[in-house]
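J.: My questions will all concern the structure given below.
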Amino acid sequence: MKNTLHYFILLLLVTTLAACTNMPSAATNGKTYGNELIIGMESEADVLDPHRAGGWVTMRINYQMFEPLIGEDLSKSSEEAAVPELIPVLAESWEVSEDGKVYTFHLREGVKFHDGTPFNAEAVDFNIKRLTNENFEYFDKIGSSRTFRTWKFFDKSEVVDEYTLNIHLNSPFSEFPRMLAQINSLQIVSPESIITGGNDSVGENPVGTGPFKFSDRNRGENITLVKNEDYWGEKAKLDTVIFRPMSDPASRVLALQNDEVDIIAVPPPDAIENLEEKGFDILSGTPPHVWYLTFNFDNEYMQDQRVRQAINYAIDREGIANQLLKGTVSPAYTIQSPGSVNFDSSRKWYEYDPEKAKELLAKADLEDGFNIILQTSVDGSGQLMPVDIAEWIQRDLKKVGIDVTLDTQEWITYFSGYSDGMDSSIGMNQMSAGRTSPFFLSMVAHSDFVAPGGFNSGKYASAGTDELLDRASTAKSEAEALEMWKKAEEKIMTDAAFAPIVHDTAPYVVNKRVKGFVVPSEEWYTLAPVWIDQ
Amino acid sequence: MTRFFINRILSTIPVLLGVTIFVFLLIQLIPGDPAKSILGGDATAEAVESLREEMGLNESMIVQYTSWMGQLLQGDLGYSHTLHTPITEELLPRFLNSMILTVASLLICVVLGVVLGLISALRKGSILDKASMGVALIGASMPVFWIALMLMWLFSLEMGLFPVSGMYNMRSPGGWMDLLHHLILPAFATATVSLAVIARLTRSTIIDTLQKDYVKYFQSFGLSKSKINIVHVLRNSLPPIINISGMQVGYLMGGALFSEVVFNWPGIGQALYVAVTSNDYPTIQAGILLIAITFVIVNLIVDLLNVWLSPKLQDSIKSNAG
């Protein structure tokens, strides 16, 4: 019996070992690398339909396949270009009429969709109708709802000839070109693919004009794009790009170290130093992102401007950025997100000054302090470490006598309730958002977008602010628009409608083999110039 | 006997029916409006309302339930709200991936668990016994995701033996050997806790059985020790071991969800998580239903297996029927 047992154990060991040695070697062992790039994403992407897609994760994929008329130059890092420059993409040039209401686009000739069908003014018109014309056979309710900001002042489109198209607006809209360059806007999808497969098919069969085309998708495993050999511009250097959803931050880091992915997004702040020592590149930028508190104007304490200002003064943003989040974010002193023309990092509203906060509270007869509720999600897209940040804020506010109770919810519940606004018992909530267009100020602070139903969750409404925002949106010249945006920002910050906390710097950890990857001042990036150093 | 089997199989029908009702009601508890999450945070109220109408969300719950059941009975799981693809296409491959992981870990924990338990019981009090039971105790106390990370660190980063993510090598996908290579760590991580449970139960059951009079009786006849141990002791200790192994299937499926996250195994757990986060009701319903059905089937198999293996139980069924 004893012998049988021993034989059995030995057999087990030997077979296990044999199995191990017979296995294909792990990627680390003297592997040669093909011309492919593997990216570990922080979550699963949603629909690969550029009009319908919801999250930034998806937009980073769609951006490689679909192109707009006017785009942003994402080949430059944030340091080279704080605001991504607008560049012609599918439109070779464009001009705007004297009254600012008619945009004429001269389209690029000789461009073909990935399915071989030609790109022309009719194709653009088809896409516009898909998003704006409810009577159009291929009108898409979801795409229309997701892209509505682009169409705020839209009147009609008009095909002039095969390569010329006019878009008529019912009011001048200075940010229209920038809005066209955003994702969830007018990316051009092959009309033929929609006619053949229907509106719902775009997500499974995305056909655009970009430098990469869709190859295959296995949910939970990979989304694979391949080089578009017939691209109209400079062709991509990579043959294949694989996006892998990897929701657990620790295993993203392990997969990077084990050479199973080449780039990871959103590394845990604690891991960054170690990864840098191990020879990985840490790249970051200044994308349009701001993590901010929204004060609830239905709450009795928060209606007092001095209280809102006091809270702004009481928060140690440098501490949050450098100690808590280890420099993966920068302190935010304005609600305007980086990457937009009116963002000025040297202009700092409400630098840390707890004494001043106490003075302001005393003036408001609240020197004895008060209790208030802060709502936050526990996770979510772009939210960084919301509970840790909220706890830091709780400690800071305690120092000036304000007792904060945290009310935490998981992301879906939180986000779906966000645009419903807050109950009057709630003092403030938090969100993270941003745009390279200063129009972002309207999104968060205009009374048109007040909750319920809008992104202005605190119900801040000021006639003065509205007027400045409207004048900025409808200004005819860029200079005039810029001046108005700045005034609006000044007004919103003086009113202290929000307490901006930090800007994400969107760190990516990149294997040194990967060359040409750049983090621009945008929430997404281009992979066209990236190559693998063999 | 046949009647017993048929009855036992028929008795799963009300259970499954109950599951469908429960799943359907559970979905109603998920916060958020699916129409709103499809259209995005800025959707107008009219757009949300018209989409709700289109999706049939404004119908009464009874109407929604019966139409869902009608589809189910025709083998149609419906279309995903968010992906607009047939759920069967999305969920079945993911479900199979989860099953690969669950079955692999079941094999590991049953085979190793029984072997370890048997050795410990036969060498009761020896160093081997103490060592394996000590390991079992530690194993049973470790959370799956922690074991997973430790395995990844030791066997992948330090020793370079195994990959840490996915089912296939993305750079040069291989066949089933590649799959096996990717399967070993997550399967072990998932199996550890159950392995410990099975090992300990096997040990105590066999020690119990060894005390039985008939074992002593056989020994007095001079039957060889290994024959008694394998043919009689193990055979008579099987029912509790099979029972606990069957129960572990549920635990393993739960544990597999953790392994799926840490090892990026494209299983049904991740699919369900994504479905829940996007309020994709039909997919959530289908996913939970698939898991519940698996559960019911496993329990059924365990019951039938026990009866088939145990003459005692067969006798009592016969006399009851008689």
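J.: Straight-line reach from A:LYS156: which lysines fall under 30 Å, measuring Cα to Cα and dropping same-chain residues less than 8 apart?
T.: Correct list for A:LYS156: A:LYS101, A:LYS112, A:LYS129, A:LYS141, A:LYS476, B:LYS36.
J.: Please give the length that would be gained between B:TRP176 and B:SER60 if that part of the chain were fully extended, namely 0.36 nm times their separation in residues minus their C-alpha to C-alpha distance (nm, one decimal).
T.: Gain on extension, B:TRP176 to B:SER60, equals 37.0 nm.
J.: Quick check on packing: order A:397-408, A:284-295 by the mean number of other C-beta atoms within 10 Å, highest mean leading.
T.: The packing order, highest mean first, is A:284-295, A:397-408.
J.: Now for a separate question. Based on Cα coordinates alone, diagonalise the gyration tensor for the protein assembly as shown, multiply each eigenvalue by 5, take square roots, and list the semi-axes in whole Å, largest first.
T.: Here the semi-axes work out to 55, 31, 28 Å.
J.: Taking both sides together, what accessible area is buried at the A/B interface, probe 1.4 Å, expressed in Å² and rounded to the nearest 100?
T.: Rounded to the nearest hundred, the buried surface is 4800 Å².
J.: Next question. Please give the peptides A:507-516, B:183-192, B:105-114 ranked by average Cβ packing (other Cβ atoms within 10 Å per residue), highest first, as a rough proxy for protection.
T.: B:183-192, B:105-114, A:507-516
J.: While we're looking at this one, here's another question. Cross-link partners among lysines for A:LYS399, C-alpha distance below 20 Å, same-chain residues fewer than 8 apart left out?
T.: A:LYS356, A:LYS358, A:LYS363
J.: Here is a follow-up. How far apart, in nm, are the 7 Å Cα→Cβ label points at A:SER345 and B:LYS212?
T.: My value for the distance between the label points is 7.7 nm.
J.: Right, here's the next one. Put +1 on the Cβ of each Lys and Arg and -1 on the Cβ of each Asp and Glu in the protein assembly as shown; which of A:ILE402, B:ASN279, A:TRP291 then has its Cα farthest toward the positive end of the dipole?
T.: B:ASN279
J.: Over the residues of region B:90-321, compute the C-alpha Rg and express it relative to 2.2 N^0.38 Å.
T.: Ratio of Cα Rg to 2.2 N^0.38 Å: 1.18.
J.: Please compute the per residue accessible area over the protein assembly as shown with all protein chains in place, 1.4 Å probe, rounded to a whole number of Å².
T.: With all protein chains present, the protein assembly as shown gives 42 Å² per residue.
J.: A further question follows. Using alpha-carbon pairs under 8 Å, 6+ residues apart, how would you state the relative contact order of region B:90-321 in percent?
T.: Relative contact order comes out at 29 percent.
J.: While we're looking at this one, here's another question. Using the Cα gyration tensor of region A:196-302, with a ≥ b ≥ c the square roots of its eigenvalues, what is the shape: rounded (a/c below 1.5), prolate (a/b larger than b/c) or oblate (neither)?
T.: Judged from the Cα gyration tensor, region A:196-302 comes out oblate (a/c at least 1.5, b/c at or above a/b).
J.: Same structure, new question: Pull up all non-local amide H partners of A:GLU260: gap of 5 or more, or a different chain, and H-to-H distance under 5 Å with H placed in the peptide plane.
T.: none
J.: Just to confirm the filter: which GluC sites (Glu not before Pro) across region A:207-252 are DSSP coil and have at most 15 other Cβ within 10 angstrom of their Cβ?
T.: Those satisfying the criteria are A:GLU229, A:GLU234.
J.: Assuming R0 = 22 Å, can you tell me the calculated FRET efficiency for the pair A:ASP239 and A:GLN534, based on Cβ-Cβ distance, to the nearest 0.05?
T.: The calculated FRET efficiency here is 0.95.
J.: Among all the lysines, which ones have a C-alpha under 25 Å from B:LYS212's C-alpha, if same-chain residues fewer than 8 places away are not counted?
T.: Correct list for B:LYS212: A:LYS2, B:LYS124, B:LYS130, B:LYS225, B:LYS227, B:LYS312.
J.: Rounded to whole Å, give me the distance from the Cα center of region A:439-493 to that of region B:69-92.
T.: 44 Å
J.: Please compute the net charge surrounding B:PRO239, taking Lys and Arg as +1 and Asp and Glu as -1 over other residues with Cβ under 11 Å from its Cβ.
T.: +1
J.: Could you give each residue of region A:192-200 its phi-based ³J(HN,Hα) in whole Hz, using Karplus coefficients 6.51, -1.76, 1.60 with θ = phi - 60°, and x for Gly or Pro?
T.: 4, 5, 6, 4, 6, x, x, 4, 6
J.: Using θ = phi - 60° and the Karplus form 6.51 cos²θ - 1.76 cosθ + 1.60, what ³J(HN,Hα) does each residue of region B:288-298 get, whole Hz, x for Gly and Pro?
T.: Once θ is set to phi - 60°, the couplings for region B:288-298 become 5, 4, 4, 5, 5, 4, 4, 4, 4, 5, 4 Hz.
J.: Which whole number gives the average count of other chain Cβ atoms within 10 Å of the Cβ atoms across peptide A:218-228?
T.: Mean shielding count: 5.
J.: Rounded to a whole number, what % of the accessible area of the protein assembly as shown do carbon and sulfur atoms account for, probe 1.4 Å?
T.: In the protein assembly as shown, the share of accessible area belonging to carbon and sulfur is 58 percent.
J.: Whole number please: convex hull volume per residue, Cα atoms of region B:207-247, in Å³.
T.: 58 Å³
J.: Something else about it: How far apart, in nm, are the 7 Å Cα→Cβ label points at B:LEU305 and A:ASP230?
T.: According to this spin-label approximation, the distance is 5.6 nm.
J.: Using the alpha-carbon centroid of each, what span in Å lies between region B:1-43 and region B:265-322?
T.: Between the Cα centre of region B:1-43 and that of region B:265-322, the gap is 14 Å.
J.: Could the peptides A:251-262, B:90-101 be put in order, highest first, of the mean number of other beta-carbon atoms found within 10 Å of their residues?
T.: Peptide ranking by packing, descending: A:251-262, B:90-101.
J.: Now for a different question. Compute the separation of the alpha-carbon centres of region A:133-175 and region A:216-244 and state it in Å as a whole number.
T.: Cα centres, region A:133-175 to region A:216-244: 29 Å.
J.: Using the Cα centre as the reference, give the magnitude of the dipole from point charges on the C-beta atoms of the protein assembly as shown (Lys, Arg: +1; Asp, Glu: -1; all else neutral), rounded to the nearest 20 debye.
T.: 5220 debye
J.: Let me ask you something else. Per-residue mean of other chain beta-carbon atoms within 10 angstrom of the beta-carbon, peptide B:153-165?
T.: So the per-residue partner count for this stretch is 6.
J.: Sticking with this structure for a sec: Which residues in region A:506-533 place their backbone N less than 19 Å from a point set 7 Å from the Cα of A:ILE87 along the Cα-to-Cβ direction?
T.: A:515-532
J.: How large is ³J(HN,Hα) for each residue in region A:388-395, as worked out from phi by the Karplus curve 6.51 cos²θ - 1.76 cosθ + 1.60 (θ = phi - 60°), to whole Hz, x for Gly and Pro?
T.: 4, 5, 4, 5, 4, 4, 4, 5
The values are calculated or read from the model by the stated rules, or taken from the named source; none is laboratory data. What you are looking at is a predicted structure, and each value in this text was computed from that prediction instead of being measured. Neighbour counts run over all protein chains shown; Cβ positions are idealised from the backbone, glycine included. Keep in mind that these areas ignore ligands, DNA and RNA; they rest on the heavy atoms of the full protein, side chains included. Shrake-Rupley method; radii C 1.70, N 1.55, O 1.52, S 1.80 Å.
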